[in-house]
1. Skipping prolines and chain starts, which residues have an amide H placed within reach, meaning under 5 Å, of the one on L198, given they are 5 or more residues away or on another chain?
2. Give a residue-ordered list of calculated ³J(HN,Hα) values for the stretch 157-168 (Karplus: 6.51 cos²θ - 1.76 cosθ + 1.60, θ = phi - 60°; whole Hz; x for Gly, Pro).
3. Separation between the H36 and R175 pseudo-spin-labels, each 7 Å from Cα along Cα→Cβ, expressed in nm?
4. Expressed as a rounded percentage, what relative contact order does the stretch 111-269 have, with Cα pairs under 8 Å and six or more residues apart?
5. Taking the solvent-accessible surface of protein heavy atoms with a 1.4 Å probe, what is the per residue accessible area of the stretch 27-109 in Å²?
6. If I take every Cα pair under 8 Å that is 6 or more residues apart in the stretch 41-82, average their sequence separation and divide by the length, what percent do I get for the relative contact order?
7. In sequence order, what are the phi-derived ³J(HN,Hα) couplings for the stretch 264-269 according to the Karplus relation 6.51 cos²θ - 1.76 cosθ + 1.60 with θ = phi - 60°, rounded to whole Hz, with x for glycine and proline?
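The values are calculated or read from the model by the stated rules, or taken from the named source; none is laboratory data. All values derive from a computational prediction rather than experimental measurement. In this analysis, Cβ positions are derived from the backbone assuming ideal geometry, glycine residues included, and neighbour counts consider all displayed protein chains. The protein model used for the area step is the full one, side chains on, heavy atoms only, and it has no ligands, DNA or RNA in it. Shrake-Rupley method; radii C 1.70, N 1.55, O 1.52, S 1.80 Å.
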Amino acid sequence: MDLREISFGVEIETVKRRRERVARAIQPVVGGEVRHVGSPACFDPWEVTDTQGRVWKVVADGSLINVPGHLRAEVVSPVLAYEDIPTLQEVIRAVRRCGVKVDEKCGIHIHVDARPFDGRTLANLAKIIYKQEALILTALGVNENRLRNYSKPVSDKLIRKIERSRPRTKDQLNRIWYGYHNRRPQHFDSTRYYGVNLHNVWYRGTVEFRWFEGTLHAGKVRAYIQLVLAVAAKALNGRAASSRKRSYDPQSARYDFRVFLLHLGLIGDEFKTARKHLLAALPGDSAFKRGRPKPEQQTATKAESPTEAGPHNSAGQPNWTCRRHARRGRAMDGEHQTRPPAFYKPRPVARPAGPPAAVQIRCPADLSGDEPAVTDDGGTS
């Protein structure tokens, strides 16, 4: 399954503006009507029914304790397709323009449709996240409070149970997740506070990703959605997944995460912005695993390489070839090439232009350099 075929939904927590004002900021983007539902009272929901009949909600959120209750507003999108991401970005820009803010309590939750998953592919998902979790959490900048209370990492215990039981169905995974077969999961179950919340598979029919810090940057939200969809597609398409946890190396973190994103299929111009936002917080170099070489190192490398060609090596070998030929010769004779390779042919010496010089023929006497001897009859010999 392609990541563009997976449905999703988003929850964006905001503060500083009343829910009615946020709902009326959404309405010009999606069209339709705004109405105050008001029930249940604890959520005091406002709804915007767009031109396609989908309902965008603005509800209260009890976790936003830094502001009074009437200034807490969580935007809950309807079920969206990949093509709806630009509309969602416009909604985010609209609510930002109306004056809403985010603080350290605010977060973003992304839900992915769980219907295409079974027990095996959900286990794949848990193992993929478990393996790369240190890189993912660092790239997303998840704070300690969120990690400790609302977005806990995938537990070693869960992965051991999955590896031991090899679940094939959702019911088998249900027993692993809860410790028993939970046929009637409740909303505020204690197992929901994980970065990858599988409790929602049986409660709401979605896989919930709870890692993300609150933001009103439309490009970052798009990057988060594409990352989640790519991980889900990887789990759905793989026959199996490795659960060998990867250690976090600050020197190569940026390179390692870029390779992970490419393996997920986030390749090309379409995902260029996503890679930019997801790699921004990581140390290291995205193109060099051990860091980009310094200029002096590059110069030293270039200075050493001519010794391979022969003219400037320590053995004083003649300038009989170029670097390309030297590599071929080295491949034939090994690292310590001392003779010209068999294919080497010296270049002809360039001659000056113009008519050829006159050739002077000298007799043997001339070649000897002696004066000719005089015979008795007056001749020469």
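1. Excluding prolines and chain starts, which carry no amide H, there are no hits.
2. My calculation for the stretch 157-168 gives 4, 4, 5, 4, 5, 5, 5, 6, 9, 6, x, 10 Hz in order.
3. Computed distance between label sites H36 and R175 equals 5.1 nm.
4. Averaging sequence separation for qualifying contacts and normalising by length gives 36 percent for the stretch 111-269.
5. So the stretch 27-109 comes to 47 Å² accessible per residue, rounded to a whole number.
6. Value for the stretch 41-82: 34 percent.
7. The phi angles translate into 6, x, 7, 10, x, 5 Hz.
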